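A short reminder: the numbers here are calculations on the coordinates, not readings from a lab. In this text the structure is predicted, and so the values were computed from the model without any measurement. So basically every Cβ, Gly included, is an ideal-geometry build from the backbone, and we count neighbours across all protein chains shown.
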Amino acid sequence: MENAILEQKAPAHIPVMTQEVIDYLITREDGLYVDATLGLGGHTKSILNSTNYKSRIIGLDVDEEAITIAGNNLSKYKSNIIFRNSNFSDIDRVLLDLERGEVDGIVADLGMSSFQLDSSGRGFSLIRDEQLDMRMDARLRFTAFDLINEMSVDEISKVLKVYGEERWSRRIAKRIVSTRNDKPINTSAELANLVFEAIPKKFHPQRIHPATKTFQAFRIAVNHELDSIEEFIGKAIPFLKTGGRLVIISFHSLEDRLVKKLFNNLSSPCICPPDLPMCGCGKRSELNILTRSPLIPSEAEIANNPRSRSAKMRVGEKL
Ligand SMILES: C[S@@+](CC[C@H](N)C(=O)[O-])C[C@H]1O[C@@H](n2cnc3c(N)ncnc32)[C@H](O)[C@@H]1O
């Protein structure tokens, strides 16, 4: 019954840059791959399809509802897939527990699914009026409501600046605290309206809602998103076979800059200061970067799926 309700709640999620994922990720038709962000199963289905159902996939998602929906969407292929309701920052533990050894490729399609944004009811979208939760993982202790209603002006301002790159962070933080002095800020619409009013009209962005950066910032803070990405990339490399690919799709500049920095670090053979006569760090290059600049969706894909427009894909190959 619960599955049927979730299935009805779940709109179609159009997977992003599917052909590029397949082209870069798949090195063996009968390989073992990790879909670290299973979502509604779109990429997993395409991988299975393009490998004539000979590949096997370990599918992770931190969102239990996503795992349930993906399980329904992929019910025909269940013998090819192992589902795990886990954070990709725990990829090492998941793979060790499964005792499958190294894998042929790992893909992560960061951010949120259409289900989470449009129908999870968790306050991710600024165009809906929902309780401010924003947790992808229901096991997390603090919701967006907790952060918004309990943090100080300084703390909120820092979250907005660091995770939203919001120029008006302090003004918005002050407005949040003065508003909640009257009554708690409960819903996404209340937050969106308050930010709309806090930013001077003439500085409202043209193409996005003025609260977009605020929503992004609280979502990143609630879900520890950047820390998880950093942990994930570091832990994933030792589990890749030589020649195996790590494919990462990000959706905003903070994510993409982090992925770029981590890839550069993994590909660099030595991190000694340049004036040192000999290498003393002993570091060796672990990753060959296959995409010097990130791949982006084609115009046709963006026209068909406007949500793909900010996607950037980076790929590394294990050395
Ligand atoms: C953009 S969607 C993936 C969509 C999927 N590729 C598809 O085609 O259906 C991102 C998914 O990653 C999940 N996610 C986000 N952060 C995660 C993390 N740290 N660990 C595991 N899953 C995560 C979200 O819950 C969401 O379901």
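Within a Cβ distance under 9 Å of L254, other residues only, what is the Lys/Arg minus Asp/Glu net charge?
Taking every other residue near L254 into account, the sum is -3.
Starting at the first residue of region 119-124, write each ³J(HN,Hα) from the Karplus equation 6.51 cos²θ - 1.76 cosθ + 1.60 with θ = phi - 60°, in whole Hz, x for Gly and Pro.
Coupling constants for region 119-124: 9, 7, x, 9, x, 6 Hz.
Each residue of region 220-236 in order: what ³J(HN,Hα) in whole Hz does its phi give by Karplus 6.51 cos²θ - 1.76 cosθ + 1.60, θ = phi - 60°, with x for Gly and Pro?
Listing the rounded values in order: 5, 5, 4, 9, 6, 5, 6, 4, 5, 5, 4, 4, 4, 5, x, 7, 6 Hz.
Mind counting lysine pairs for me in region 38-176? Cα separation below 26 Å, and the two need to be 8 or more apart along the chain or on different chains.
Lysine pairs meeting the criterion: 7.
Mean separation of Cα pairs under 8 Å and 6+ residues apart, divided by the residue count of region 37-146: what relative contact order is that in percent?
Reported as a whole number, the value is 23 percent.
By average Cβ neighbour count within 10 Å, what is the ranking of 301-312, 199-210 from highest down?
301-312, 199-210
Send over the semi-axes of the chain's equivalent ellipsoid, whole angstrom and largest first, taken as the square roots of 5 times the C-alpha gyration tensor eigenvalues.
Output for the chain: semi-axes of 34, 26, 18 Å.
Taking the mean number of other Cβ atoms within 10 Å as a proxy for protection, how do you rank 75-84, 214-223, 36-45, 17-26 from highest to lowest?
36-45, 214-223, 17-26, 75-84
In debye, nearest 20, what is the charge dipole magnitude of region 123-187 about its Cα centre with +1 on Lys and Arg Cβ and -1 on Asp and Glu Cβ, if you could check?
Roughly 240 debye for region 123-187.
Taking H as built 1.01 Å from N, whose amide H comes closer than 5 Å to the amide H of G41, not counting residues under 5 places away?
none
Starting from the Cα of S79, move 7 Å in the Cα-to-Cβ direction to define the label point; list residues of region 13-45 whose amide nitrogen is under 17 Å from there.
From region 13-45, the list is 30-31.
Straight-line reach only, C-alpha to C-alpha below 13 angstrom: list the aspartates and glutamates that K318 could link to, leaving out same-chain residues fewer than 8 apart.
Cross-link targets: E102, D104, E286.
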